[in-house]
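Heads up: the structure comes next, in structure tokens.
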Ligand SMILES: Nc1ncnc2c1ncn2[C@@H]1O[C@H](CO)[C@@H](O)[C@H]1OP(=O)(O)O
Ligand SMILES: [Mg+2]
């Protein structure tokens, strides 16, 4: 039983690599852009096509009845986004859609697998750089099969912190995001960065390129795979208020150690979001 999910883990790596190849190819052709929740929340035919390919391959391999699926594009079309105890795949086919549309070269396929609401393994394929990040609970984290580890920096003044701006353009939210970033920059830290993909950002924490990444507004499919990769690389995850990390809460801080994470949490101005698993309110 110990290695029950090894086949699924290996298969997820294969599927992510194949999906990444489809994205790279699509990036060479004309990209037609549509919007979802607002004018800056973008989606393309590639997002939908790649999600279909990933879920189709997983269903073919593991059967439809026993495994559940939470995919960004399926949820946006009305599929439920509830994490139960059943084996569940959590998929972002194209993390960094805005980057993809603009040719900004950080785009990732993110595939996580949870059992009993715990993430068993995660795979993030940064397809433009051709880097395969993966981790399985208790077995360490890897980039292209080389073990990775978080940074050992404890002094916030020697850190790089990743923050993103999200898609909410209401002046109140933008004010909070910039105010938080200003306070962190002025600690001072060595720098602020952002790749435009939450999944890749978490891998940058995991491999020690940055000390922390936090965001409010992300979804479970952006961070589920990255969460196990950060943990297995020796890092930690918390809620932005210092409470336990909850993959459905749409908020998280990931970092290399408690000292750095707690220092960041002190500066975060929290704004409201609707949980991923909140009941859908019919208009
Ligand atoms: N409403 C939102 N607020 C903040 N980040 C969001 C968001 N919706 C998606 N993201 C994700 O956060 C990162 C950038 O802020 C991306 O990984 C993006 O994923 P996406 O490209 O799959 O939409
Ligand atoms: Mg995403």
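Structure values in brief
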{"quantity": "Where a residue in the stretch 128-150 is in contact (Cβ under 8 Å) with a residue 60 or more places away in the chain and its partner, wherever it lies, is loosely packed, with under 14 Cβ neighbours inside 10 Å and outside any loop (DSSP other than H, G, I, E, B), with Cβ under 6 Å and at least six apart", "calculated": "140/147"}
{"quantity": "Residue count for the stretch 200-228, restricted to those that are more than 18 Å from residue 256 (Cβ to Cβ) and more than 11 Å from the chain's Cα centre (by Cα)", "calculated": "2"}
{"quantity": "Criterion violated by residue 178 - all others in (1) within 15 Å of ligand 1 (Cβ to nearest atom); (2) buried (at least 16 other Cβ atoms within 10 Å of the Cβ); (3) modelled with pLDDT of 95 or more satisfied", "calculated": "(2)"}
{"quantity": "The stretch 91-118 - residue that is more than 16 Å from ligand 2 (Cβ to nearest atom) and buried (at least 24 other Cβ atoms within 10 Å of the Cβ) and, of those, nearest to residue 204 (Cα to Cα)", "calculated": "113"}
{"quantity": "Any helices (runs of 4 or more DSSP H) falling wholly within the stretch 165-275 and containing at least 1 residues that are outside the structural domain of residue 110 (by TED's automatic domain parsing), under 25 Å from residue 136 (Cα atoms) and away from ligand 2 (no atom under 16 Å from the Cβ)", "calculated": "198-206, 220-232, 258-265"}
{"quantity": "Positions within the stretch 28-48 being surrounded by 14 or more Cβ atoms within 10 Å (Cβ to Cβ) and within 16 Å of ligand 2 (Cβ to nearest atom), in sequence order", "calculated": "36, 41, 42, 43, 44, 46, 47, 48"}
{"quantity": "Test result for residue 81, in the same structural domain as residue 254 (by TED's automatic domain parsing) and within 19 Å of the chain's Cα centre (by Cα)", "calculated": "no"}
{"quantity": "Test: residue in the stretch 59-75 that is within 15 Å of ligand 1 (Cβ to nearest atom), farther than 22 Å from residue 7 by Cα and touching a strand residue (DSSP E or B) at 6+ places or on another chain (Cβ under 7 Å)", "calculated": "yes"}
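The values are calculated or read from the model by the stated rules, or taken from the named source; none is laboratory data. Just so it is clear, the model here is predicted, and its values are computed rather than measured. All Cβ positions, glycine included, derive from the backbone under ideal geometry; neighbour counts span all protein chains shown.
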